[in-house]
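The structure appears below as structure tokens.
The values are calculated or read from the model by the stated rules, or taken from the named source; none is laboratory data. In this text the structure is predicted, and so the values were computed from the model without any measurement. Neighbour counts are summed over all protein chains in view; Cβ atoms, including those assigned to glycine, are modelled from backbone coordinates with ideal geometry. These accessible areas exclude ligands, DNA and RNA; they are computed on the full protein's heavy atoms, side chains included. Shrake-Rupley method; radii C 1.70, N 1.55, O 1.52, S 1.80 Å.
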Amino acid sequence: MNISTKHGMALAAALAAAVSAQAELMDRPEGIRIGQRLTIKPYVAFSATYDSNVGGNKDAEDDVILTVNPGFTLDYTAESWYLKGTGNYSYNGYLRGGHANEYSYHNYGESVLFGWNSAPKSEKGWSLMLNQSFILMNSLNDVTLSDGSSYGRDTREFRFGGSLEHRFTERLHADVSASYYWLDYDNSSQKNSLYGWSRWLVGGEIGYAASKWFDILVSANYSNYRQDNSSNSYYDLSGYGSNLSNDSESWSLMAGFGSFATDRISYRLLVGWNHFEYAGRRSTTDAMTYSASGRWLIGETWNMMLLATCHYQPSEREYGSSQRTDSLSWGIAKSLVRGKANATFDICYRHEGHDYSMLNTQNYDLDTLTFRLGLNYTLNRYLALFGRAEYRRSFDDGKGKSSADYDYDRFRASLGFRLTY
């Protein structure tokens, strides 16, 4: 994405806090305290999910999925730094089973976040943020991710990144960032192959806070993608030259403004230019890019979020294709029953434009619209109930060779409870 690692992590965390159906409301227990600073909270959740389209394709088959999900959160807070961690595992079994390419599956993941500040944000000083995570998803727990993407099962993701910021004065600040991302698919059980890739990203940003409401920002990023573009038997590439290069590159330069030290309302809006070279300049693109986010704490019980992004990358769906993705998410959360309950609602729209470097007649667009509704209720210190409903509509222009496989509806509804110590 064409935002720095630091701001990407902050936005992802804020969006999750605002619209997740399993929000921090369920983490009220004090947990296991070790010393004065370390707290570990183990939990286990049980749920049942009705899925109208377990395969996520046009040949819809429904079933009920039973899930057991143990895990833990870790929090260590010192005077100038903190460390947060999570670990989780889930076993998911189909009640009826017998679906093509579908079977009981396991998911697991872990994440670590480290932060350090030499002084409060509004004062001169340094700050450092590092993050790492690994996820194995034999199938997706959510119909869509926060940016609207949902590519299928048998996925492994690894992320590592960090940012270093220096506040020269109370108004002038700058940061540098770097990150590595690795995505891999196991295609042994897939109807259609999916194509993973890895990416190195480096970037920087400078800002001048004219006031707490108006922070003038300029940012630049460079990304290098690597994807296995060896020959693919699905397409006849004879007559189109040599095989594609495995390397793609992206440059972006953006400028805009945002808030700097506000409490209830925060926002960022950046617009600029993106140059993307796919597969060793087999195709090049110059286009406008943007990044926008906003958060509004309305009173004591309402919380609203908005996130919009645009980026280029090698396609994960189609061989020999680059992809432009535009996504827009809006969510709102409401605290109820004197803080014991939390209701959330969010909408996500995602547009993908697939541009083939050789087979231009196969170019196509894919749109995804998702609605999600969640409700949590804390019965006591240890037990919480939760429910969620999701509807996803995926539709395309019908021009691609395999795009018709992505034209479908999907509805999921979950009920469960969670025990936290």
State the number of residues belonging to segment 279-296 that are under 30 Å from Ser230 (Cβ atoms) and open to solvent by 70 Å² or more (accessible area, probe 1.4 Å).
4
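Filter segment 325-343 down to the residues that are among the charged types (D, E, K, R) and over 18 Å from Leu373 (Cβ atoms), then identify the one that is nearest to the chain's Cα centre (by Cα). Full working, then the answer.
Residues of segment 325-343 among the charged types (D, E, K, R): 326, 334, 338, 340.
Keeping just the survivors that are over 18 Å from Leu373 (Cβ atoms) gives 326, 338, 340.
Details: Asp326: 13, Arg338: 31, Lys340: 28 Å.
Within segment 325-343, the match that is nearest to the chain's Cα centre (by Cα) is Asp326.
Mind listing just one residue for me: the one in segment 22-52 that is part of a helix (DSSP H, G or I) and charged (D, E, K, R) and, of those, modelled with the lowest pLDDT? Full working, then the answer.
From segment 22-52, those part of a helix (DSSP H, G or I) are 24-27; that's our starting set.
Imposing the further condition that a residue be charged (D, E, K, R) reduces the set to 24, 27.
Values: Glu24: 38, Asp27: 42.
Restricting to residues being part of a helix (DSSP H, G or I) and charged (D, E, K, R), the top hit is Glu24.
Kindly indicate which of Phe345, Phe276, Phe260 is of a type in the set (A, V, I, L, M, F, W, C), at pLDDT below 90 and either buried (at least 22 other Cβ atoms within 10 Å of the Cβ) or assigned to a strand (DSSP E or B) (or both). It would help to see each step written out before you state the result.
On the way: Phe345 fails: at pLDDT below 90; Phe276 fails: at pLDDT below 90.
None of the other options fit; the residue is Phe260.
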Is there a residue in segment 279-302 that is in contact with a helix residue (DSSP H, G or I) (Cβ under 6 Å, 6 or more places away or on another chain), under 25 Å from Pro120 (Cα atoms) and assigned to a strand (DSSP E or B)?
yes
Of the numbered conditions (1) in a strand (DSSP E or B); (2) open to solvent by less than 70 Å² (accessible area, probe 1.4 Å); (3) within 29 Å of Ala261 (Cβ to Cβ), Val64 satisfies every one except a single condition; which is it?
(3)
Return a yes/no flag: does segment 375-387 have any residue that is among the basic types (Lys, Arg) and open to solvent by less than 30 Å² (accessible area, probe 1.4 Å).
no
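Taking the condition of being part of a strand (DSSP E or B) and open to solvent by less than 20 Å² (accessible area, probe 1.4 Å), how many residues in segment 182-218 meet it?
Of all residues in segment 182-218, those part of a strand (DSSP E or B) come to 182-185, 197-211, 214-218.
If we keep only those that are open to solvent by less than 20 Å² (accessible area, probe 1.4 Å) as well, we get 183, 197, 201, 203, 205, 207, 209, 215, 217.
Number satisfying all stated conditions: 9.
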So, of the residues in segment 141-163 that are assigned to a strand (DSSP E or B) and of a type outside the set (Val, Ile, Thr), which turns out to be modelled with the lowest pLDDT?
Arg156
Criterion: modelled with pLDDT under 90 and not in a loop (DSSP other than H, G, I, E, B) - qualifying residue of His106, His166
His106
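Would it be correct to say that Trp126 is loosely packed, with under 14 Cβ neighbours inside 10 Å, in contact with a strand residue (DSSP E or B) (Cβ under 6 Å, 6 or more places away or on another chain) and not β-branched (Val, Ile, Thr)?
On the way: loosely packed, with under 14 Cβ neighbours inside 10 Å: yes; in contact with a strand residue (DSSP E or B) (Cβ under 6 Å, 6 or more places away or on another chain): yes; not β-branched (Val, Ile, Thr): yes.
Taking the combined requirement at face value, the residue satisfies it.
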